[in-house]
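What follows is one structure encoded as structure tokens, with my remarks underneath.
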Amino acid sequence: MSLVHGTTKLSVQLSLITALQIVLSFGVQWYVVTYYGAGFKTDALYTGWTIPQVLTTILIDTVSVVLIPALSKCREEDVHRHGWMLFLAMGIGFLSLSGLLFLLMPWIIPVIVAGFSPAAKQLAISLSRVQIFGLVGTGCYAILTALCQVRNKFIWPALSVFIGAAANLGFVVWQLPRLGIDSAAWGQVIFNILPALLLLPELGSLRLTRWRVATLKHGWEQIRPIVLLKAYSMTSMPFDRFLASFLVPGSVVIFELVWRFYSAAIRVLSKGILTPFFPRLSRLAHTDNWQEFSSVYRRQSRIMIGVASLVLVAVFLVAFLALIAVPAMPMRRLAGSLTSQDLSKISVVILCMSGMLPFIGLTSSQVNAYYAMGDTKTPARIGFLVYTIGIALRIVGFFAGGLAGMAVAVSCWAGLSYIVMEVALRKRWMLHKRLNESPELRLTELHQEQKGQPINVLDNLY
């Protein structure tokens, strides 16, 4: 309990800021959907964000995971110097990538949404060309956030994103009646760039130093395996849009809206529950105290499933009430252009995808344990395997039940991911226990580490 109490204040603050930011971001999406309804315009908007969202998850999130531990070992002077080099490299790199994707979007988007009408495809291309430049701000923000966290500054990065979300909402509400759906795309760019601008002072005075190619190369070697595996798993986003594009107009935005809702809930829970446990788990893993490690892991998992269950019950009640009340209503608009039929579809997808909340929450707890052990490859390998099965489940769900079938497939994928990850994690603890009890195995492990060879004793488990 002292572990929890010692970090409660920071945890509550971060969770609250993150939750408020997500409410604002979700408010933007809901405002746009209610303004235009679930149709080809909102489908095109969400399709336009597909490539930036995939690249953000694959590259930028991975960079943050690798960069923070690396910078934490450096002196402040080195952090300052490396910060400018990484910031410029990230900015120039993503600006070039955005320019290239701007030219390629007319060929990429029609492949992602092959079932769209020609007008919807053209609108999606136009909106994607606007949103793609938000990558520059997101990439720079990843570097600046890492610099803040290395210096034990956690609140300001979260607040900067909250301010960006507020600016996004204000801009869309102000300009949507004037600029149309394009204002939502430009608002997303504001949301991505403004936090980076607010964090710029963290870089300090400009230092023109010699570029250390070896440093950048070493960083890339560390993240390359994770990036490749994540790239494969993130194809689910365009794949889901591809399948949903063959359904009735509005299917893409409904599926994406529910997916983002559950993802946002998981993000808030992870931020508030798992962050305080991570340092403790890391220290226990470093000292090979696996009995206590298992105890702390189970504690964070119990808290996660308890809170996630309460949230899920609330979601179930709201969705069931909406599902019961909506059929009794005549076919009419309820909010803006959102009809009672649209609300009924959203409620069904929420119920069918509900397994995502508890199971992915628990999977996040498992991944937290793996990262504490310094193992980033095993979760990626398991994710690779389970994702492949999940794709097959989505295809079966699409033909069996359309949008609802795809949502059920997501719940099944989440449950399978938790089961496989839990089995592998328990085997990992048993193996560590054997290593501690057997000096011969421990010496073999240390000898292979010193020679730079893979630890076959661990690798053979998988």
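The values are calculated or read from the model by the stated rules, or taken from the named source; none is laboratory data. In this text, all values refer to a predicted model and were calculated from it rather than measured experimentally. Counting neighbours? That spans all protein chains shown, and the Cβs are built from the backbone with ideal geometry, glycine included.
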Next item on the list: Confirm whether residue 149 is closer than 18 Å to residue 87 by Cβ and in a helix (DSSP H, G or I).
Entry: yes
Notebook entry, point to check: Residues of the range 120-134 being at pLDDT 90 or above, part of a helix (DSSP H, G or I) and aliphatic (A, V, I, L, M), which ones?
Noted result: 123, 124, 125, 127, 130
Note to self: Any residue that is under 25 Å from residue 351 (Cβ atoms), assigned by TED's automatic domain parsing to the domain that holds residue 346 and among the basic types (Lys, Arg) - is there at least one of those in the range 249-270?
What the structure shows: yes
Checklist line | Sole exception among (1) in contact with a helix residue (DSSP H, G or I) (Cβ under 8 Å, 6 or more places away or on another chain); (2) modelled with pLDDT of 75 or more; (3) within 28 Å of residue 122 (Cβ to Cβ) for residue 21, by number | finding: (3)
Margin query: Exactly one of these conditions fails for residue 242: (1) modelled with pLDDT of 80 or more; (2) assigned by TED's automatic domain parsing to the domain that holds residue 374. Give me its number.
Written below: (2)
Next item on the list: Please find, among 12, 32, the residue that is in a helix (DSSP H, G or I), modelled with pLDDT under 75 and hydrophobic (A, V, I, L, M, F, W, C).
Entry: 12
Notebook entry, point to check: Could you give every pair whose Cβ atoms fall below 7 Å, whose first residue belongs to the range 167-182 and is within 17 Å of residue 127 (Cβ to Cβ), and whose second residue is basic (Lys, Arg) and part of a helix (DSSP H, G or I), counting only separations of at least 6 or pairs across chains?
Noted result: 181/41
Margin query: Which residue is nearest to residue 317 (Cα to Cα), if the candidates are limited to the range 360-381 and must be of a type in the set (A, V, I, L, M, F, W, C) and either in contact with a Ser or Thr (Cβ under 7 Å, 6 or more places away or on another chain) or not in a helix (DSSP H, G or I) (or both)?
Written below: 362
Note to self: For the range 39-66: of the residues being out of contact with any helix residue (DSSP H, G or I) (no Cβ under 6 Å at 6 or more places or on another chain), more than 18 Å from residue 99 (Cα to Cα) and part of a helix (DSSP H, G or I), which is modelled with the highest pLDDT?
What the structure shows: 41
Notebook entry, point to check: Is it true that residue 281 is at pLDDT 80 or above, hydrophobic (A, V, I, L, M, F, W, C) and not assigned by TED's automatic domain parsing to the domain that holds residue 112?
Noted result: no
Note to self: Looking at the range 243-263 only, could you name the residues that are within 22 Å of the chain's Cα centre (by Cα) and surrounded by fewer than 18 Cβ atoms within 10 Å (Cβ to Cβ)?
What the structure shows: 260, 263
Item checked: For residue 160: the one exception among (1) in contact with a Leu (Cβ under 7 Å, 6 or more places away or on another chain); (2) within 29 Å of residue 243 (Cβ to Cβ) -> (2)
